[in-house]
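J.: Below is one structure. I have some questions about it.
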Amino acid sequence: AGDVIISPGVKIYHHAIIKGPAYIGKNTLVGDGALIRESMIGENCIIGYHTEIARSWIGDHNSFHTAYAGDSVIQGSTNMAVGSVCANLRLDQQEINSSGRTKLGAIIGPNTNIGVNVCIMPGLKIGANSILGPGLNITQDVPDNSYCPPNAQLTVRHNKLSH
């Protein structure tokens, strides 16, 4: 446990939990049921409903909507849509990318949009000004100014069991 510093203009909604050490920047909104642990949150952010931020540095003007960012660095003006995840632990609990760490999330450049249900595997870098389409499982670094479209094709067939 440590100090929790809450700047002017911060709004904290019902059942949100902030565990220190933590810093919440000016005019940030912490939504219902959000959990912030040992993290620094910049100014004018939205930490939405049931979002969890753990041991991360979050820049200014970021938005999280029912998302998870663990052990991550996320620069400014990034949006993480509903269900997006910065995974921070390998299933085999081995070291991540020769970092000497067993927990390491994503490093995300500014002005990035992360679609609904995107999972970013541990230790990856996502470049500035990038878009990750919905439903992707990101398993490699993404360079600056990239667009990663969704890759699932929808197939619609007649339901033979319908009446």
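J.: Residues of region 120-163 being surrounded by fewer than 16 Cβ atoms within 10 Å (Cβ to Cβ) and under 21 Å from Gly70 (Cβ atoms), which ones?
T.: Across region 120-163, the qualifying residues are Gly135, Asn137, Thr139, Gln140, Asp141.
J.: Is it true that some residue in region 121-132 is in contact (Cβ under 8 Å) with a residue 12 or more places away in the chain and within 11 Å of the chain's Cα centre (by Cα)?
T.: Within region 121-132, not a single residue is in contact (Cβ under 8 Å) with a residue 12 or more places away in the chain and within 11 Å of the chain's Cα centre (by Cα).
J.: If you don't mind, another one. Given the criteria surrounded by 19 or more Cβ atoms within 10 Å (Cβ to Cβ), under 19 Å from Thr112 (Cβ atoms) and out of contact with any Leu (no Cβ under 9 Å at 6 or more places or on another chain), does Gly31 qualify?
T.: Criteria not met by Gly31.
J.: Turning to a different aspect of this structure: Give all pairs with beta carbons closer than 6 Å in which a residue from region 103-117 that is open to solvent by 70 Å² or more (accessible area, probe 1.4 Å) meets a residue that is in a loop (DSSP other than H, G, I, E, B) and among the acidic types (Asp, Glu); count only pairs at least 6 apart in sequence or on separate chains.
T.: From residues that are open to solvent by 70 Å² or more (accessible area, probe 1.4 Å), the pairs are Lys103/Asp71.
J.: In region 35-49, what residues are farther than 18 Å from Thr78 by Cα and buried (at least 18 other Cβ atoms within 10 Å of the Cβ)?
T.: Leu35
J.: Just to check your reading of the model, which residue among Ser98, Ser56, Ser63, Ser77 is modelled with pLDDT under 95 and either among the hydroxyl-bearing types (Ser, Thr, Tyr) or under 22 Å from Gly135 (Cβ atoms) (or both)?
T.: Testing whether each residue is modelled with pLDDT under 95 and either among the hydroxyl-bearing types (Ser, Thr, Tyr) or under 22 Å from Gly135 (Cβ atoms) (or both) leaves just Ser98.
J.: Let me ask something additional. Report, by residue number, each residue of region 17-26 that is in contact with a Gly (Cβ under 6 Å, 6 or more places away or on another chain) and either surrounded by 16 or more Cβ atoms within 10 Å (Cβ to Cβ) or closer than 17 Å to Ser84 by Cβ (or both).
T.: The answer is Gly25, and nothing else.
J.: Considering region 84-105 alone, what residues qualify as being more than 15 Å from Ile138 (Cα to Cα) and basic (Lys, Arg)?
T.: Within region 84-105, Arg101, Lys103 meet the criteria.
J.: Taking the residues in region 1-16 that are in a strand (DSSP E or B) and open to solvent by 80 Å² or more (accessible area, probe 1.4 Å) as candidates, determine which candidate is nearest to Thr51 (Cα to Cα).
T.: Across region 1-16, the extreme among qualifying residues is Lys11.
The values are calculated or read from the model by the stated rules, or taken from the named source; none is laboratory data. Predicted model, so just to flag it, every value in this text is computed and none were measured. Virtual Cβ from ideal backbone geometry, glycine too; neighbours counted across all protein chains shown. Note: areas computed on protein heavy atoms with side chains; ligands, DNA, RNA excluded. Shrake-Rupley method; radii C 1.70, N 1.55, O 1.52, S 1.80 Å.
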